[in-house]
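Single-structure report; data block below.
Derivation of every value follows stated rules applied to the coordinates shown; laboratory data play no part. In this text the structure is predicted, and so the values were computed from the model without any measurement. Here Cβ is always computed from backbone atoms with ideal geometry, including for glycine, and neighbour counts include all displayed protein chains.
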Ligand code: TRP
């Protein structure tokens, strides 16, 4: 049984070496495990809380997306998307906002720190504090609960937010679950083996301390420059160095095999000069980053490739979030009126001049392959098919599906289901949707549709 692991990255800066070693590299590593179903996303709505400069938000989004891809994220394996491409997230955020106690949010560290700072400076406690900052943890909760993530790897500063997510999920389950939990309670994952890199001045590497080492920007030269600025003590070449207190050694360890780290440490104890140590450190890090840097620049030069990848990721994510939000709307009482009570017709209905029916819409992708979508009578997408090389094959599958379905065409694993036909997967959707897909297919009659 696979575990759904989800994490988000706020898009308000350019990734540095500390982000790479502390978050990007370990997350990508985890996503390659066979039992992990990884959801990684760009928390771009969150960036609006911190940043009101549109140009910065825009450049950070693309830089962060390119960084993850260059660092080896496999978009076939990972569901990789932008938060702002999933409209179900802000919708869920509102539902959750309505069950979240204001008192719970009053206790959030980030908000409290802002209030404390104001109080210290003798200004109005809420001065400059937006509702975005105040309810930030609710949006983060929506990110997590939308996909029923079981595990959420984050930094220590985010532990409280995951606890809040659990509180909010519990309350929603209690109010609306009718005995069946709608939301899984997420668990926080803190990996103690992950390196927290020291910055140039020895404090934790962080944009807010202005002590970072760039990851890709400025190329090898900027990397070398930054490393040469790492503060050391004034011991001369030949004098033994205290390796365990040296930042160079901490950084070296985060990139080297254990034997090489030991050798580096021994060299320092035996008097290797700081200059030589920095050169070795640069070579080590550069060896790991060089191929990624090339990838990064190639990707940045082709923004439409990144766009396509993220759009496909959003499609994949929405196969889960769309039916799930329907279920949640239903649970809170935001229900469709029955057909007979509906006064106005939807566009799809009036287009056909009659009652709308479920339909397939087929299309050709940029890569020349063919897919189709199944829409229900309300125009909601139920699934997107896997690609077909031959349009005739896709047509044949659609026609056959329209003739009615068989039980053994539906397979289910955990909360996902697939429609199988002639030994291959035709489409995937949430298990909650099996009934809806089946009933749509059963309502279709074999007429040609777009
Ligand atoms: N708040 C997180 C941070 O600043 C980013 C984030 C947003 C996130 N939504 C999330 C992390 C959901 C994990 C899960 O680091």
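At a glance:
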item: Whole-angstrom gap from segment 220-259 to segment 378-421, using each part's C-alpha centre; result: 57 Å
item: Neighbour-count ranking [beta-carbon atoms within 10 angstrom, fewest first] of 98, 440; result: 98, 440
item: Near-label residues of segment 225-242 by backbone N, under 18 Å of a point 7 Å along Cα→Cβ of residue 288; result: 225-228, 230
item: Pair residue 126, residue 305: separation of 7 Å Cα→Cβ label points (nm); result: 4.9 nm
item: Value at 222 nm in deg cm²/dmol, rounded to 500, when DSSP H runs of n ≥ 4 in the chain each add -39,500 (n - 2.57); result: -14000 deg cm²/dmol
item: Per-residue Cβ neighbour rank within 10 angstrom, fewest leading, 68, 94, 274; result: 94, 274, 68
item: Convex hull per residue volume in Å³, alpha carbons only, for the chain; result: 182 Å³
item: Spin-label model distance (nm) - residue 392 vs residue 420, 7 Å beyond Cα toward Cβ; result: 2.7 nm
item: Residue of 365, 91, 283 that the Gaussian network model of the chain assigns the largest fluctuation, springs spanning Cα pairs under 10 Å; result: 365
item: Mean Cα-pair separation over length for the chain, i.e. relative contact order, pairs under 8 Å, 6 or more apart, %; result: 13 percent
item: Per-q log10 I(q)/I(0), segment 216-300, q = 0.16, 0.24 Å⁻¹ (Debye; single scatterer per alpha-carbon; no solvent); result: -0.62, -1.15
